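All remarks here apply to the structure that follows.
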Amino acid sequence: MSQVAPAERMLRQIFVPARGQYDNIGDILLRRQLLDWLRGSGPLHVYVGKAPDGYARGLGLTPGDVQYRSFRRWYAAALRSAAHGQASYVFKPGEIQLTLVGMKEHLAMLPVLALVRARHGRVARVGVGSRNFAPLPRALMGPSIALSNLSLWRDAATAGYLGRGNVMPDLAFASRGSGVDSVDIACRDLLVVSMRSDLDYPSAAWLSAVRAVAADHGLQIWCVTQVLRDDTRCSQLAADLGGEALRWNGTGHDEQEQRLRAVYRRAALAVSDRLHVLVGALTEGAVPAALLVDAKSDKIARHFAAAGLHDVSIVSAGLTAAEITERLQNLLGRRTAILAGLAEAQEELHNVRRLLDRVLTSETAR
């Protein structure tokens, strides 16, 4: 008896924006991970905008990816492809500010999304989180969410606020650096510090505690710049902590990422109030310590909780140097458990990747 061969799977063109804050290497970590996930689901049409060359290289674009610097050309190509029933659309991951400016992707792309869905294409968003939670923007997000086949948010607060879709770990947790396989903390000789420049400078108690932990464990302090606007603060912290500084001039994003990862692989502890400094360092095996100057933001705690990692945040306001030191020491003592939690988050992200592929490739055979 002859058998009918299964229909060959037809992969739709996937339109995805990958532009971001060009001074922020953390944005590259998210977008590159998503692009790597998507290539098996169809040819990519990537909008990078006026990205510096180093940013574009950091995204890891391949010769098979179609790259656009013109939004108009990318948008027109998406409309044409959608009209021919050949397009799917994936929103960029990361933080969205629910303002009219911050929501421009979710509003401007509605005609494309509607046409994609009308011609049986797929729309997905994975690893997106909200910065603010006002009622009006939530209403404006409604049509975009309704047109999506899959919505996965990177923290529970966003999922509860927008009301449709489940929670997943932030995409940056998916990166598995070579340093994470080093289980012996005694092989690590650095304490990494990176702090935001748009918040208050750390207190004397904060500085004293970081110096004390470094001295107790024989660690050299390295202050690093992962976001260009923090570079001056990096230099100031290095001077006040008696450490070295890995600074950045805003060019060669791909090269700076590799320099940062080399430092993170040697770090026993990473102290920061930037989410993706902590995540990047953790994926290289460093213990993350969100040593905050105050309690104004729970962003880091929310996103680590979504990855199943809890109690990595320390609000230093009102604490003595001894109290901060004790809490940092406690975090260092939890390294094995924290790395086990990272492994579980990465397994969850592997499942998310498979789900995304199923969504994008279902019912596309001809």
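The values are calculated or read from the model by the stated rules, or taken from the named source; none is laboratory data. Since we're looking at a predicted model, the values are computed, not measured. In this analysis, Cβ positions are derived from the backbone assuming ideal geometry, glycine residues included, and neighbour counts consider all displayed protein chains. Heads up: the accessible areas ignore ligands, DNA and RNA and are worked out on the full protein's heavy atoms, side chains in. Shrake-Rupley method; radii C 1.70, N 1.55, O 1.52, S 1.80 Å.
Quick notes on this one:
- Filter result (of a type in the set (D, E, K, R) and not in a loop (DSSP other than H, G, I, E, B)) within segment 234-250: Asp240, Glu244
- Output for segment 199-233, where each listed residue is within 21 Å of the chain's Cα centre (by Cα) and in a helix (DSSP H, G or I): Leu228, Arg229, Asp230, Asp231
- Filtering segment 8-66 to residues that are touching a residue at least 60 places away in the same chain (Cβ under 8 Å), over 30 Å from Thr232 (Cα atoms) and in a helix (DSSP H, G or I) leaves Leu34, Trp37, Leu38, Gly40, Ser41.
- Subset of segment 304-325 (residues that are over 24 Å from Glu347 (Cβ atoms) and surrounded by fewer than 19 Cβ atoms within 10 Å (Cβ to Cβ)): Val315, Ala317, Gly318, Leu319, Thr320, Ala321, Ala322, Glu323
- For segment 254-303, residues that are acidic (Asp, Glu), over 30 Å from Leu61 (Cβ atoms) and open to solvent by less than 10 Å² (accessible area, probe 1.4 Å) total 0.
- Selection over segment 183-217 of residues that are modelled with pLDDT under 95 and small (Gly, Ala, Ser) gives a count of 1.
- Single residue of segment 332-366 satisfying the filter (over 29 Å from Asn166 (Cα atoms) and touching a residue at least 24 places away in the same chain (Cβ under 8 Å)) that is surrounded by the most Cβ atoms within 10 Å (Cβ to Cβ): Leu332
- Listed by position, the helices (runs of 4 or more DSSP H) contained in segment 74-181 that have at least 3 residues being open to solvent by less than 10 Å² (accessible area, probe 1.4 Å) and touching a residue at least 24 places away in the same chain (Cβ under 8 Å) are 110-118.
- Qualifying residues in segment 1-20 (those that are touching a strand residue (DSSP E or B) at 6+ places or on another chain (Cβ under 8 Å) and open to solvent by 20 Å² or more (accessible area, probe 1.4 Å)) - the one modelled with the lowest pLDDT: Arg19
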